[in-house]
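Taking it in order: structure first as structure tokens, then the write-up.
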Amino acid sequence: MNSLKKHIGIIGLIIGFIGIATAIFEKDIAELITPKETVSAKADKKKPLLSINLGNKKISFGKSKSTPQADKTPTDTKPIRIIYSILGLCAIIAGIIAWIRKENLRICGGAVSVGLIAIAWQYVLIGIIAIAIAAILSANDYGVS
């Protein structure tokens, strides 16, 4: 237990990286957790393109090609967002505790920053995309190709 107290910053880094990985693969995890939808029975029947009812007779023209499709509902990712936010918060707390205990300053700062990245993942992703677009545009301005 004594060696565990010396490595709180490293534990915070690991928790933060797990939080970032959870944030990156949020939709994949949500699809694994939610049950698969079954094909509806109505989709199996082929319906005519045009049908006219004339008293006792029904006249049908053409056959539509219907393929069975599952009712797609969007997967709920809110519980996973809560999970990686909690992991990021735990990483920040571990980094602060490690800083108070005078552990390595770089590891403490890394745990706090990785925790912040995990919490604010959507904004980090927008920033990465904006930097990539700016780099591509500036490379084109200077003739680099």
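Coordinate-derived values only; no laboratory data. What you see is a predicted model, and the numbers here were worked out from it, not measured in a lab. For neighbour counting, all protein chains shown are included, and Cβ atoms are generated from backbone atoms with ideal geometry for every residue, glycine included.
Some observations on this one:
- For the pair Ile136 and Lys6, a Förster radius of 41 Å applied to the C-beta separation gives a FRET efficiency near 0.35, rounded to the nearest 0.05.
- Trypsin sites (Lys or Arg not before Pro) within the stretch 73-123, DSSP loop, no more than 13 other Cβ atoms inside 10 Å: Arg101, Lys102
- Net length gained if the chain between Leu105 and Ile33 were fully extended (0.36 nm per residue, minus Cα distance): 22.1 nm
- Counting charges near Ala30 (Lys, Arg +1; Asp, Glu -1) among other residues having Cβ under 12 Å from its Cβ returns a value of -1.
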